[in-house]
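The values are calculated or read from the model by the stated rules, or taken from the named source; none is laboratory data. The shown structure was predicted, so the numbers you read here are calculated from the model rather than taken from an experiment. Ideal geometry is used to build each Cβ from the backbone, glycine not excepted, and the neighbour counts take in all protein chains shown.
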Amino acid sequence: MPNRPHQFDLIAFDWDGTLFDSTAVIVRSIQQAVVDVGGARPSREAASYVIGMALMPALAHAAPDVPKEKYPLLGERYRHHYLATQHDISLFDGVLPMLADLKSRHHWLAVATGKSRRGLNDVLASRQLHGIFDGSRTADETAGKPDPRMLHELMREFGASPERTLMVGDTTHDLQMAMNAGCASVAVSYGAHEPREFGAFAPRHVAHSAAELHRWLAEHA
């Protein structure tokens with residue numbers, strides 16, 4: 001195969017905060033949803049910490065004072081606020097050229113996200129993303145991060161070994177998932193979690209923009 005990737009066959013990307021500039025919208029949606037059901041408004045730090053987790057565990061963590069019987073309503077209010085503003089968010093600048101370049105180098109590209117399957121399908125229906133990703137897994141059809149099931153399933157699907165699989169994400173949940181799956185990881189600093197939290201998970205690199213991520217992947221992936 002020409003231009004065979006020299007280190008990683010499969011590159012799995014988190015979605016929100018890594019490829020999609022949605023962190024601020026998710027944080028506001030969590031905060032508003034908690035207030036809607038009578039909970040104390042979580043701080044930005046508390047709301048951003050849970051990004052990447054499956055929806056209901058994330059909301060429960062962000063709203064410890066909300067009783068369990070209100071969790072279904074909490075989820076409904078989050079979806080209401082997020083859907084009201086989701087069309088105002090887009091891919092980070094430089095993401096599309098990066099994905100196209102990686103595709104041309106014959107990497108398998110996948111998404112491993114805490115979003116629901118329905119939510120991911122909605123954003124992947126965009127014409128600009130048609131045919132870019134070879135596979136995807138969501139929290140509601142596998143298990144929430146940092147459980148490694150998403151990566152295990154993707155590796156089985158493509159016949160990729162952990163040593164030749166790379167996870168790219170913006171949260172410690174992504175990096176812990178990669179570590180749990182025996183895979184390497186790369187972090188981005190422009191998403192939900194502070195880069196000072198990444199060291200314990202030994203990412204190969206921390207990129208501060210999509211353009212920097214593109215350069216690193218072109219040289220090392």
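The single condition among (1) out of contact with any helix residue (DSSP H, G or I) (no Cβ under 8 Å at 6 or more places or on another chain); (2) surrounded by fewer than 24 Cβ atoms within 10 Å (Cβ to Cβ) that Asp174 does not satisfy is (2).
Within the set Val25, Val34, the sole residue that is crowded, with 17+ Cβ neighbours inside 10 Å, in a helix (DSSP H, G or I), in contact (Cβ under 8 Å) with a residue 40 or more places away in the chain and touching a Ser or Thr at 6+ places or on another chain (Cβ under 8 Å) turns out to be Val25. Among the residues of the range 156-168, not a single one is in contact with a Ser or Thr (Cβ under 7 Å, 6 or more places away or on another chain), surrounded by fewer than 24 Cβ atoms within 10 Å (Cβ to Cβ), farther than 25 Å from Leu96 by Cβ and not hydroxyl-bearing (Ser, Thr, Tyr). Within the range 93-107, being surrounded by fewer than 15 Cβ atoms within 10 Å (Cβ to Cβ) and free of Cβ contacts under 8 Å to residues at least 60 places away in the same chain holds for one residue alone: Ala100. For the range 171-220, a residue qualifies if it is assigned to a loop (DSSP other than H, G, I, E, B) and either assigned by TED's automatic domain parsing to the domain that holds Ile30 or among the hydrophobic types (A, V, I, L, M, F, W, C) (or both), and the qualifying residues are Cys183, Ala192, Phe198, Ala202.
Of the listed requirements (1) at pLDDT 90 or above; (2) hydroxyl-bearing (Ser, Thr, Tyr); (3) closer than 17 Å to Gly114 by Cβ, Ser43 misses just one: (3). Scanning the range 108-128 for residues that are among the aliphatic types (A, V, I, L, M) and either surrounded by 20 or more Cβ atoms within 10 Å (Cβ to Cβ) or in contact (Cβ under 8 Å) with a residue 12 or more places away in the chain (or both), we see that the one that is nearest to Ala178 (Cα to Cα) is Ala112.
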